[in-house]
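These notes are about the structure you will find just below.
The values are calculated or read from the model by the stated rules, or taken from the named source; none is laboratory data. A quick note: this is a predicted structure, and the numbers were derived from the prediction, not measured. With ideal geometry, Cβ positions are generated from the backbone for all residues, glycine too; neighbour counts draw on all protein chains shown. When the accessible area is computed, the model is the full protein with side chains, heavy atoms only, and any ligands, DNA or RNA have been set aside. Shrake-Rupley method; radii C 1.70, N 1.55, O 1.52, S 1.80 Å.
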Amino acid sequence: MGFFTYIRNVVSGRFAHWNDTHNRALTELLESSRQFPDEMRLPLHTFALRLLPLMDVLIGPDKGSERLIKKDPLQITREQFARMHTVILEYLVGIFLRRNPSFSDRLKEGLVLLRCRNPDQSRLFQIITGMKEPNLMVAGCALWEELVAIADSKQGTTALDAYPVTCIFGKIGVDAITDIEQQLSSRPR
């Protein structure tokens, strides 16, 4: 980010809005995720921590024309940010449960308590958990459609449009899942 872009973001209030809406919603989510027992807290808190870099790439105020969602962050409300967080958490938990189905009931319960939304009623979650074989492109396309709709952005939702999100979220999701599995396997039993 260049100097003039930084000044423009300060003067326009983009940074203040980001801090007041996105960062506050994320902080509340992180604080809430700490309340759960270890087997729920570890995955949910780890995924919630991954939201900051993901949201920054999606619609961060410092990204300018490089942000994936082509909408001014000043036009995104706190509720929209919270809904985006929920959808991304459902995506990450869904991918995690594909590899770790024994956590299903606990993590679904955690999502209900954390976001007041049953993941079984989420179209994205149903797509991911209903796949016969894992397919990050299908999951990424469904995620992208939901994020664009929540942001009320006027951009495309084809597989080509979703490709950058699929790559970024797939990598971060796999890295997070690997971290969680390593932490779970190193815990004393």
field: Probe 1.4 Å, accessible area per residue of the chain, Å²
entry: 51
- prompt: Of Lys70/Lys132; Lys108/Lys171; Lys63/Lys171; Lys63/Lys108, which sit over 31 Å apart, Cα to Cα?
  reply: Lys70/Lys132; Lys63/Lys108
message: Once ligands and nucleic acids are excluded and a 1.4 Å probe is used, how much of Phe15 is accessible, expressed in Å² to the nearest 10?
response: 40
- request: Using only Cα atoms, tell me the angle between helix 3-12 and the longest principal axis of the chain; keep it within 0 to 90° and round to the nearest 10.
  value: 90
- line: Taking 0.36 nm per residue of separation between Val138 and Ser185 and subtracting their Cα-Cα distance, the length gained on full extension comes to 14.0 nm
- prompt: Hey, with R₀ at 22 Å, roughly what FRET efficiency would Arg99 and Asp38 work out to, going by the Cβ-Cβ distance, to 0.05?
  reply: 0.75
message: How far apart, in nanometres, would the label points at Val174 and Thr157 be if each is projected 7 angstrom from Cα along the Cα-to-Cβ direction?
response: 2.6
Dipole of region 66-189, positive end: most advanced residue of Gln75, Pro188, Ala142 [Cβ charges, Cα centre]: Pro188
message: With a 1.4 Å probe and all protein chains kept in place, how much accessible area does Arg99 have, in Å² rounded to the nearest 10?
response: 140
task: Can you tell me the dipole magnitude for region 107-189 around its Cα centre, using point charges on the Cβ only (Lys, Arg +1; Asp, Glu -1), in Debye to the nearest 20?
output: 220
task: Could you pull the accessible area for Met131 with a 1.4 Å probe, rounded to 10 Å²?
output: 30
field: Positive-end residue, region 1-106 charge dipole about Cα centroid, Cβ charges, pick of Leu58, Val87, Leu29
entry: Leu58
message: Nothing charged except the Cβ atoms of Lys and Arg (+1) and of Asp and Glu (-1): what's the magnitude of the dipole of the chain about its Cα centre? Round to the nearest 20 debye.
response: 40
query: Once a ≥ b ≥ c are taken as the square roots of the eigenvalues of the Cα gyration tensor of region 90-174, is the result rounded (a/c under 1.5), prolate (a/b larger than b/c) or oblate (a/b not larger than b/c)?
result: oblate
- request: Please arrange Cys167, Cys116 by accessible surface area, largest first, computed with a 1.4 Å probe and ligands excluded.
  value: Cys116, Cys167
- line: Ranked by GNM mean-square fluctuation in the chain (Cα springs under 10 Å), the top entry among Thr21, Thr158, Thr77 is Thr158
- prompt: How far, in degrees from 0 to 90, does helix 136-151 lean away from the longest principal axis of the Cα atoms of the chain, to the nearest 10?
  reply: 50
query: In the chain, what percent of the accessible surface is made up of carbon and sulfur (1.4 Å probe, ligands and nucleic acids excluded)?
result: 53
